[in-house]
1. Got at least one residue in the stretch 5-16 being of a type in the set (S, T, N, Q), touching a strand residue (DSSP E or B) at 6+ places or on another chain (Cβ under 9 Å), open to solvent by less than 30 Å² (accessible area, probe 1.4 Å) and touching a residue at least 60 places away in the same chain (Cβ under 8 Å)?
2. Being more than 12 Å from Leu5 (Cβ to Cβ), in contact with a Leu (Cβ under 6 Å, 6 or more places away or on another chain) and surrounded by fewer than 21 Cβ atoms within 10 Å (Cβ to Cβ) narrows it down to one of Asp53, Asp69, Asp83, Asp107, so name that one.
3. For Ala98, are the conditions met, namely being within 25 Å of Glu121 (Cα to Cα), of a type in the set (Gly, Ala, Ser), open to solvent by less than 70 Å² (accessible area, probe 1.4 Å) and touching a His at 6+ places or on another chain (Cβ under 6 Å)?
4. Look at Ala120 and say whether it is more than 15 Å from Val9 (Cα to Cα) and loosely packed, with under 13 Cβ neighbours inside 10 Å.
5. Name, by its number, the condition in (1) open to solvent by less than 50 Å² (accessible area, probe 1.4 Å); (2) within 14 Å of the chain's Cα centre (by Cα); (3) modelled with pLDDT under 95 that does not hold for Gly45.
6. Return yes or no: is Thr30 free of Cβ contacts under 8 Å to residues at least 12 places away in the same chain and either closer than 12 Å to Leu5 by Cβ or in contact with a Gly (Cβ under 7 Å, 6 or more places away or on another chain) (or both)?
Amino acid sequence: MAVRLAVAVNPAAGRGAGAALGQRAVAALTAAGHEAQVVTAADAGRLERALRDLLATDPPDAVVVVGGDGTVHLAVNALAGGDVALGLIPAGTGNDLARCLGLPHRDADAAIRAVVEALAEEEPRA
């Protein structure tokens, strides 16, 4: 089943690696049959506002974050109180949250595969 996604990309994550990883993630998600709308901005404040605007006007089924812990933080704040699922493709320098959650945090391809596989499940993992 195709899922409508907002892919929130922090291009500065991982000392600039976030932009390229975001493109790889979008390519994999669309290849898996999902609709992926990229949400990106030059700084965290603008990215959070863009994500909040999208959630208020045309909420996706899920938000996939491509970034580090700070980007996940702003996405969680934007999603708080709603029922939109969150996926994570770590692209930061530390990726502490992904590591603590048991998600792939050093292998970008494994993280992308994990999100694609999670989207194929009936229910998101809480």
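The values are calculated or read from the model by the stated rules, or taken from the named source; none is laboratory data. Just so we're clear, the structure is a prediction, and the values are computed from it rather than from any experiment. Glycine also receives a Cβ, built like all others from the backbone with ideal geometry; neighbour counts cover every protein chain displayed. With ligands, DNA and RNA removed, areas are computed over all heavy atoms of the protein, side chains included. Shrake-Rupley method; radii C 1.70, N 1.55, O 1.52, S 1.80 Å.
1. No, the conditions are met nowhere in the stretch 5-16.
2. Working: Asp53 fails: in contact with a Leu (Cβ under 6 Å, 6 or more places away or on another chain); Asp83 fails: in contact with a Leu (Cβ under 6 Å, 6 or more places away or on another chain); Asp107 fails: in contact with a Leu (Cβ under 6 Å, 6 or more places away or on another chain).
Going through Asp53, Asp69, Asp83, Asp107 in turn, just one is more than 12 Å from Leu5 (Cβ to Cβ), in contact with a Leu (Cβ under 6 Å, 6 or more places away or on another chain) and surrounded by fewer than 21 Cβ atoms within 10 Å (Cβ to Cβ): Asp69.
3. Judged against the criteria, Ala98 is a match.
4. Numbers: more than 15 Å from Val9 (Cα to Cα): yes; loosely packed, with under 13 Cβ neighbours inside 10 Å: yes.
Yes.
5. (2)
6. It is true that Thr30 is free of Cβ contacts under 8 Å to residues at least 12 places away in the same chain and either closer than 12 Å to Leu5 by Cβ or in contact with a Gly (Cβ under 7 Å, 6 or more places away or on another chain) (or both).
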